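Written below as C-alpha cells is the structure these notes are about.
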Amino acid sequence: MRRLALRALSVAAALSALLVAPPPGAEATEAAAPAPTALTGPQLAASWTAPLSTRGRYVVDANGERFKLKAGNWSGAQGTWQGSGSTTDPANNQAGQVSYNLPLGLDRAPLPEIMAGFHSLGLNSIRLPFADAMVHDGTAVPDAAVAANPQLRGSTPLQVYDAVVAALTADGFAVILNNHTTTYRFCCGLDGNERWNSSQSTAQWEEDWLFMVNRYRANKRVVGADLRNEVRRDTWDDPNWGMGDGHDEYAAFEEAGNRILQADPDLLIIMEGINWQGIPLAGLYHGRPMLKPVATLSNTLIDSGKLVYSAHFYAYTGSANTGAGSGPGATSDPRYQDLTPEQLAAVVDEEALFVTRTGQHFTAPVWISEFGAGGRDSTDAKEHAWFDHFTAILAAHDTDFAVWPLIGWHNNGVPKDSWALLHYDPAGRRLSVEDPGDWRAPYWNRLLAAPSVTGPVPVAARWSMLDLDHADQNVSRHMLALPDWSSGNRKGDCPDGQRLIGLGRGSSRGLCTDAAEPRAGSGDWVTVTDERYVTGGDWAAGYNKLQCPDGRFAVGYSVHGNAMAALLCAPAATPLPAANRLLWFDHGDNRPPATTGADSAASDWAPGSYKGQCAANEYVAGVAFTWRWLHYGVPDALLCRPLS
C-alpha cells in the first residue's frame, strides 16, 4: 500500500488505469482483484483505536493513523414499509422484505453469522440507519422478527438496535449512527421524512439525537453521528444552505452538531449535502446541489477535526434528475449513468470531492455514504458501466465509502433485493456478492484493494470560516461557558486553538486558522470596543481602530448590521512581536496568492465582498474602519503582526 506520496498521482491517470471496461453486461475478468481477506473480530479491533477524528481530508484514529471508512449500510431500522396497507404484508414493504423496523436479517441469521458476513466483505465500519420513531417506540417486536436471534424476543426496536450496536463494536467495527427518517416509512419521496424537521420539530430532532448520543457514549467504537439522510424538498418548501430560516440545513446541522459535541466530544459529525431542490418540471428550477454550497459556506464546529461531509450517488439519478422513470418527477435531464467516465468524474468532483482539496476553509473528508447497483438479476448495461466508472473514481481518489445496502433476502438463490451484497434465505444460508454469478464482485474487490494512504497522517493547518449573516456563531468552548461578550451585536469567535486571520468587508464573515498558532496563555479574554489599547502610533490615520492589548491576538469579532462593533482578544503564553503591517482591502481583495494552494486562498469564504487576510505566520492585532465616505463602519484594514 502506498503512503501519503500517493496524492502526487494524478486522479485522472489513476482513473484511467483502474477502469477495466468489460463489454456492457459482461463480467469483468481483466485485472480483477481477489476477494478481500477476511479479518476476525479481534484482528479488526486490534487494527484501530477509537475515537476517530480528521486531519485535512483524512479520517484518522486516536493514534493519528489513517482510518479509511470502508463501510456498508445495514438498513432496516429506518423502516421498510412503503406507506399503504398492512405494515407486515411483504407486498407493502421495500422489495417484499419486512424489517419490522429492525436491522434487516435478524429473522434469518444469528448475529455472529451476520458479523462473519460483514468481515468477509472486507468492511471496517457500518452505517446504521434509524428512525426517530424508534427512540419513542416501546412496543415489543414480534417473535418472528428475531426468529434467528431468540435472545432478542420481547425487546423493543431500540433494545434490538442496542444489541446490534453491541455486536458490531464487539467485533471491531466502527459504527456510525444515521438518522435516516422521522417515521418508519421507507425513504425517499414526499413521505413526511424530507427534512430533519418533517413530521417533527427541529427541537425534537435534536433531543432525539442527544438521547442516542448519550445512550452510546460509553462505547467508543460508536464513532459518528450522521445527522440526516437525503434532505430534500417537501410539497411546498425547499431546504436551503444559509438563508437563516426554518429550512436552513446549514444552520440546523451546525447547531445539532455542536450540541452533540457538547454531549460527546469524541464523535465525528457527518453532514450530507442537500439532496434535492426545486420542482422537477421543464422550465422550472430543479437540481441536486449536494455539497456545492460548501464551497462558499462551510460549517465550523466547536471541536476542530470532527467534521465529515457526505454525499450519495446512484446511476439512475442525476444532477437534475430525480431518478423517476415516468410520471410525476420524471424529466429528460441526464442521469449519472448517461455521462462518459470523464464527465462523471468532473460532476462527482463538482458535487462532492472538491471538498477534499487541501488547505481551504471547506477542507474535510468526504464520505460517499450511499452508492450501489442491482446485482445478480440485473441486466442494465448502463448501470453496470456506471458502477465500473464510479467505483474507479472512488478508488482513484482514495475516497471513504459505504455501499447500499448490505443485507437482503433470497429464496433458492433468487434475491428479493439484488442490490444487497449479502442475502440470507429462511434457513440462514448466505448468498454473497463474492459467490459466482454476481457481476459486481470484480468492481467491489477492486475498490477494496485500491492503493490508499495508510499509516500516520501529518497534522495539517485548519482553516475555518465564521458566518454572522443571520445570527451569532460562537464556536469557542471557552466563550460558550461565559456571559455574552458583545451584547446586542452579532458575534463570532473561532474554535479554541484557532485565531482570527481574515475579515470580509461588508459581509460580516471571517476566517480562522491554527496555522503556526501561538500557545494560549492564562488570563482574561478581552473585549475591545474603543481605541484605549492602540499602541505604536496612529497606524490608520483618520479611521476608527479596534486593537488588541499587547500580548493578545484576535480570536473573534462582533458587528452591528455589518459595521464593526468589537474585537475579542485572547492572551498568548509568550510575548508577541509588535511590528506592524497594515493590510488595506477597501478597494479589492488583499489575501495570500491563490497559487499557494493553501491558506484558504483558493476558496471564497465571503463571496461578493472584498476580503482582507493576514499571512499564515501573522496574527490580527487590530481592525480599522470608518463611517466617512459612505463606508458605514465596515472593516477597511487589518493590522497584521508576525507571530515570531
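The values are calculated or read from the model by the stated rules, or taken from the named source; none is laboratory data. Being a predicted model, the structure only gives us computed values, none of them experimental. Positions of Cβ are generated from backbone atoms using ideal geometry, with glycine treated the same way; all protein chains shown enter the neighbour counts. With ligands, DNA and RNA removed, areas are computed over all heavy atoms of the protein, side chains included. Shrake-Rupley method; radii C 1.70, N 1.55, O 1.52, S 1.80 Å.
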Checklist entry - Hey, among 522, 558, 507, which residue is open to solvent by 40 Å² or more (accessible area, probe 1.4 Å) and not basic (Lys, Arg)? => result 522
Checklist entry - Residues of the stretch 68-93 being in a loop (DSSP other than H, G, I, E, B) and in contact (Cβ under 8 Å) with a residue 60 or more places away in the chain, which ones? => result 68, 69, 74, 75, 76, 77, 78, 79, 80, 82, 83, 87
Checklist outcome for this item: Within the stretch 250-300, residues open to solvent by less than 30 Å² (accessible area, probe 1.4 Å) and among the aromatic types (Phe, Trp, Tyr) come out as 250, 253, 276
Checklist entry - Given the structure, is residue 428 modelled with pLDDT of 95 or more, surrounded by fewer than 17 Cβ atoms within 10 Å (Cβ to Cβ) and under 30 Å from residue 114 (Cα atoms)? => result yes
Checklist entry - What residue, among those in the stretch 24-34 that are at pLDDT below 85 and open to solvent by 50 Å² or more (accessible area, probe 1.4 Å), is farthest from residue 450 (Cα to Cα)? => result 24
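For every residue, the table says whether it meets (1) hydroxyl-bearing (Ser, Thr, Tyr); (2) open to solvent by 10 Å² or more (accessible area, probe 1.4 Å); (3) not in a loop (DSSP other than H, G, I, E, B).
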residue	(1), (2), (3)
568	no, no, yes
588	no, yes, no
608	no, yes, no
621	no, no, yes
632	yes, yes, no
639	no, no, yes
Checklist entry - Which is in contact with a Leu (Cβ under 7 Å, 6 or more places away or on another chain), within 27 Å of residue 373 (Cβ to Cβ), among the β-branched types (Val, Ile, Thr) and surrounded by fewer than 21 Cβ atoms within 10 Å (Cβ to Cβ), of 453, 433, 403? => result 453
Checklist entry - How do the strands (runs of 3 or more DSSP E) wholly within the stretch 384-476 filter down when requiring 1 or more residues that are over 22 Å from residue 173 (Cβ atoms) and touching a residue at least 12 places away in the same chain (Cβ under 8 Å): which remain? => result 407-411, 463-467
Checklist entry - So which residues in the stretch 525-541 are open to solvent by less than 50 Å² (accessible area, probe 1.4 Å), in contact (Cβ under 8 Å) with a residue 40 or more places away in the chain and of a type in the set (Gly, Ala, Ser), if there are any at all? => result 540
Checklist entry - Is there a residue in the stretch 272-284 that is outside any strand (DSSP E or B), in contact (Cβ under 8 Å) with a residue 12 or more places away in the chain, touching a helix residue (DSSP H, G or I) at 6+ places or on another chain (Cβ under 8 Å) and not charged (D, E, K, R)? => result yes
Next on the checklist: Here is a list: 219, 214. Which entry is over 30 Å from residue 280 (Cα atoms), of a type in the set (S, T, N, Q), in a loop (DSSP other than H, G, I, E, B) and open to solvent by 10 Å² or more (accessible area, probe 1.4 Å)?
Outcome noted: 219
Next on the checklist: I'm told residue 374 meets every condition in (1) in contact with a strand residue (DSSP E or B) (Cβ under 7 Å, 6 or more places away or on another chain); (2) surrounded by 19 or more Cβ atoms within 10 Å (Cβ to Cβ); (3) closer than 20 Å to residue 80 by Cα except one. Can you identify the failing condition by its number?
Outcome noted: (1)
Item to check | Per-region count, the stretch 301-339, residues outside any loop (DSSP other than H, G, I, E, B), open to solvent by less than 20 Å² (accessible area, probe 1.4 Å) and over 18 Å from residue 368 (Cα atoms) | outcome: 1
Checklist entry - Do we have any residue at all in the stretch 229-241 that's aliphatic (A, V, I, L, M), surrounded by 24 or more Cβ atoms within 10 Å (Cβ to Cβ) and not in a strand (DSSP E or B)? => result yes
Next on the checklist: When you check residue 584 against the structure, is it open to solvent by 60 Å² or more (accessible area, probe 1.4 Å) and on the phi < 0 side of the Ramachandran plot, yes or no?
Outcome noted: yes
